[in-house]
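Here, each number is a calculation from the coordinates, and none is a lab measurement. Quick caveat: nothing in here was measured; it's all calculated off a predicted structure. Here the Cβ positions follow ideal geometry from the backbone for every residue, glycine too, while neighbour counts run over all protein chains shown.
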Amino acid sequence: MKKIRFLMIGGFLGAGKTTTIGKLAAHYVAQGKNVALVTNDQAYDLVDTHTLRAQGFDVGEVPGACFCCKFDDLVDTIASLSENSEDSENSGDSAKLPDIVIAEPVGSCTDLVATVAEPMRELFGDRFEVGPMVVLLKPEHGRKILADTPGKGFSPKAEYIFLKQLEEADAIVVNKADKLSHEQQQTLLNQIAQRFPDVPAICASAKTESNFEALINLTQQQRRERDSMMDIDYAVYAEGEAELGWLNCQIEAKSAEPFWLDELVVRVVSDMGRGLDDAGSEIAHLKVLGQTLTSAAVANRVASDSQTDLSLASEIQTPSADLLVNARVAASPDQLSGIVKLVAAQIAGELSISLSVKNIQSFRPGKPEPTHRKV
């Protein structure tokens with residue numbers, strides 16, 4: 001039976017993992033390879049999953065905790081994406097098995113080499129060829145954290161997670177290079193080299209595909225040699241992750257007159273962002289997917305000092321749509337729930353659109369308890 005190549009593309013919340021994974025998957029599909037994707041979140045109903053499925057990819061989702069705490073679910077999800085892999089194996093037909101599985105871990109998680117990549121290699125090495133751990137550096141927060149500048153947005157415990165993600169990487173990609181000057185790119189590469197001299201790093205942009213061939217080459221390299229696994233303080237890790245409030249919810253939009261879907265998703269993100277700014281709550285990632293039966297729009301904001309970006313335009317007017325809101329913010333769960341309800345009510349009154357907020361999941365992540373960990 002052929003081995004499935006297993007890749008994880010990590011990085012902090014808002015680093016551009018979903019865009020990168022979609023572009024990587026499209027590249028491998030164009031080469032004739034069978035690609036499956038696995039997304040991961042602390043909650044259920046993930047914008048990333050819907051976005052990737054809308055691009056035509058076979059996507060499984062592991063919700064409820066990070067890959068390290070849901071390791072068995074990750075393996076089972078890959079098996080389910082393999083289209084009855086047991087039947088394929090028994091019949092000698094391996095063509096249905098994915099050639100590559102690309103996994104997107106939760107953006108607030110780290111220590112994934114010791115708790116996911118190594119257990120995958122040791123326990124299922126007959127089924128999987130484990131590729132390098134490629135971590136995307138989010139420049140919106142990376143420029144502040146690596147330079148150790150005041151007012152970085154997050155507490156030292158949340159920054160601890162950000163830096164540990166880079167430390168464990170087999171390769172680092174400074175993503176969104178199209179938003180950085182050449183000088184800013186070089187400064188980040190120099191800062192990475194000073195802190196993590198053994199980790200190769202490049203600048204690229206998944207959105208514009210600038211230097212994307214170099215990113216592809218990194219995913220095809222061997223994993224770097226390690227004498228031991230990364231040291232990590234799980235108490236600090238847990239406290240840093242718990243400082244982030246999580247919100248997933250749905251908003252049902254209806255109107256007697258058609259409205260512009262793109263304008264609505266941008267308005268929801270912008271107004272929620274304004275409310276969070278007023279409260280002094282740093283945004284890690286705020287994104288809204290609006291969809292009808294035939295079209296979709298996505299707006300997001302990845303830091304408190306960034307602008308709202310319409311990353312996917314529908315260019316349609318519609319009398320109804322379903323919105324999916326995902327927010328990861330240094331704020332309390334109650335605060336997030338209150339802001340989304342307030343914003344929905346205000347927009348509804350101003351635009352004469354009925355906006356019904358439903359299925360709210362709002363919480364702080366619990367302490368990570370990995371299923372396996374190589375020491």
In the range 304-347, anything surrounded by fewer than 21 Cβ atoms within 10 Å (Cβ to Cβ) and under 19 Å from Arg364 (Cα atoms) is listed as Ala330, Ser332, Pro333, Asp334, Gln335, Ser337, Gly338, Lys341
Okay, strands (runs of 3 or more DSSP E) sitting entirely in the range 92-175 with 1 or more residues that are touching a Cys at 6+ places or on another chain (Cβ under 8 Å), I get 171-174
Of (1) closer than 19 Å to Val116 by Cα; (2) among the acidic types (Asp, Glu); (3) part of a loop (DSSP other than H, G, I, E, B), Glu61 satisfies every one except (3)
Filter the range 193-205 for residues that are touching a Leu at 6+ places or on another chain (Cβ under 8 Å), in a loop (DSSP other than H, G, I, E, B) and not β-branched (Val, Ile, Thr); the one that is farthest from Pro119 (Cα to Cα) is Ala204
Considering residues that are in a loop (DSSP other than H, G, I, E, B) and in contact with a strand residue (DSSP E or B) (Cβ under 6 Å, 6 or more places away or on another chain), the number found within the range 317-336 is 2
Checked the range 1-26 for anything part of a strand (DSSP E or B) and of a type in the set (S, T, N, Q); matches are none
In the range 233-261, residues that are of a type in the set (Ser, Thr, Tyr) and under 14 Å from Gly107 (Cα atoms) total 1
Selection from the range 352-375 of residues touching a Ser or Thr at 6+ places or on another chain (Cβ under 8 Å) and outside any loop (DSSP other than H, G, I, E, B) yields Ser354, Ile360, Ser362
When every residue in the range 131-155 that is farther than 20 Å from Thr18 by Cα and in contact (Cβ under 8 Å) with a residue 12 or more places away in the chain is compared, the one surrounded by the fewest Cβ atoms within 10 Å (Cβ to Cβ) is Ala147
Flagged in the range 268-284 as crowded, with 24+ Cβ neighbours inside 10 Å and within 12 Å of Gly245 (Cα to Cα), in numbering order, are Ile283, Ala284
